[in-house]
Amino acid sequence: MSAPDLLRTIVAATERITEVRREREPLAALERRAAAASPDGPRFERELGMAGRVNVIAECKRRSPSKGVLAADYDPVRIATLYQQGGAAAISVLTEPTFFDGALEHLQAVRAAVTLPIIRKDFVVDEYQIFEARAIGADAILLIVAALDQPALVRLQQKAWDLGLAALVEVHDDEELARAVDAGARLIGVNNRNLRTLAVDVEASDRLASKMPKDVVGISESGLKSRDELERLRAAGYQAFLIGERFMTDADPVNALRALMGLMGSGIGDPGPGKSPAPEARSPKPEARSPKPEARSPECS
């Protein structure tokens, strides 16, 4: 498999896996199971846009196509619990099985253990996966512009909103950012990793910062390792950061997270030796937000 074909290969695998799951559990049955869940997409949006702090989406990920196995002894519940103790704004859980060793059960287990909002990190290409995300306890999904044509992007984002989920729309370049904006995205993530070549270029976030609309929450993703990087990107206008490998390869993810957030020695978010912070109560579900006006007809679908 050549690197330039990686995204296409993952999407094709995702489509096959989704069809298998649909045969095992028809959509009507999944919809009934999803109806029992109570996602809080608006809270996910609020947490990432919170002013006056470094908002980190900390990721639970066993393996990546570029680095291989990141955590041989992978326990997403333990990791997510540490992230919550460390002050993360939200948690990302990989559920893609073939290339990232993820599983739907990982997110279900994390949902039962933490109170932070959770995003299902996967290659969402079908409405069935959005119902799955709600059913397993996610508050948000990821939509990758490079993996979707414009009608699908608009349709899937609207379905997520209809089901009470937030949608993080991921872009990598100017054209994809224009498509995300045209679709009416409220959360736009700039992935510093090119999903076709796996090359990491943190300056991708710098290049797109000035083009990010003021009324969206901008998130920088991938390849972030230092407090200086986060400070520079915050000054450029980003309000949140999605970080995975930096924490997954650190023996002390709590202090690694706190160091990036600037909390070391401040007492902020530090419950003291051997103590855990009191669990944060899940916010009451607010009234449904009215969706943005219907997206403009895309010019680059």
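The values are calculated or read from the model by the stated rules, or taken from the named source; none is laboratory data. A quick note: this is a predicted structure, and the numbers were derived from the prediction, not measured. When we count neighbours, we look across all protein chains shown, and the Cβ atoms used for this are built from the backbone with ideal geometry, even at glycine. Heads up: the accessible areas ignore ligands, DNA and RNA and are worked out on the full protein's heavy atoms, side chains in. Shrake-Rupley method; radii C 1.70, N 1.55, O 1.52, S 1.80 Å.
Tabulated results
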quantity: Cα shape, the stretch 1-96, gyration tensor, a/c 1.5 rule; calculated: oblate
quantity: For the stretch 43-81 versus the stretch 170-227, the gap between their alpha-carbon centres in whole angstrom; calculated: 18 Å
quantity: Compactness of the stretch 127-270 as Cα Rg over 2.2 N^0.38 Å, two decimals; calculated: 1.10
quantity: Accessible area expressed per residue, the chain, with surrounding protein chains retained (probe 1.4 Å, Å²); calculated: 44 Å²
quantity: Where a label projected 7 Å from the Cα of Arg232 along Cα→Cβ would reach, residues of the stretch 197-214 with amide N under 20 Å; calculated: 199-212
quantity: Lys67/Ile17 FRET efficiency (R0 22 Å; Cβ-Cβ; nearest 0.05); calculated: 0.45
quantity: Cα gyration tensor, the stretch 44-171 - rounded (a/c under 1.5), prolate or oblate; calculated: oblate
quantity: For the stretch 115-123, Karplus couplings with θ = phi - 60° (6.51, -1.76, 1.60), whole Hz, Gly/Pro x; calculated: 10, 5, x, 10, 10, 7, 8, 6, 9
quantity: Global geometry of the chain, whether rounded, prolate or oblate, following the gyration tensor of its Cα atoms and the 1.5 cut on a/c; calculated: rounded
quantity: In order through the stretch 94-103: 3J(HN,Hα) via Karplus (6.51 cos²θ - 1.76 cosθ + 1.60), integer Hz, x for Gly, Pro; calculated: 6, 10, 6, x, 7, 10, 10, 6, x, 7
quantity: Thr249/Arg32 FRET efficiency (R0 51 Å; Cβ-Cβ; nearest 0.05); calculated: 0.80
quantity: Efficiency of FRET from Cβ geometry, Thr115 and Asp215, R₀ 30 Å, rounded to 0.05; calculated: 0.60
quantity: Highest-MSF residue in the chain out of Gly164, Gly262, Gly184 [GNM, Cα springs under 10 Å]; calculated: Gly262
quantity: Rounded percent of accessible protein surface that carbon and sulfur make up, the chain, 1.4 Å probe; calculated: 52 percent
quantity: Total charge dipole magnitude, the chain, about the Cα centre, Cβ charges on Lys, Arg, Asp, Glu only, Debye to nearest 20; calculated: 600 debye
quantity: Length-normalised contact order for the chain - Cα pairs under 8 Å, 6+ apart - percent; calculated: 21 percent
quantity: Estimated distance in nm for a label pair at Arg155 and Glu175, the labels positioned 7 Å out from Cα along Cα-to-Cβ; calculated: 2.2 nm
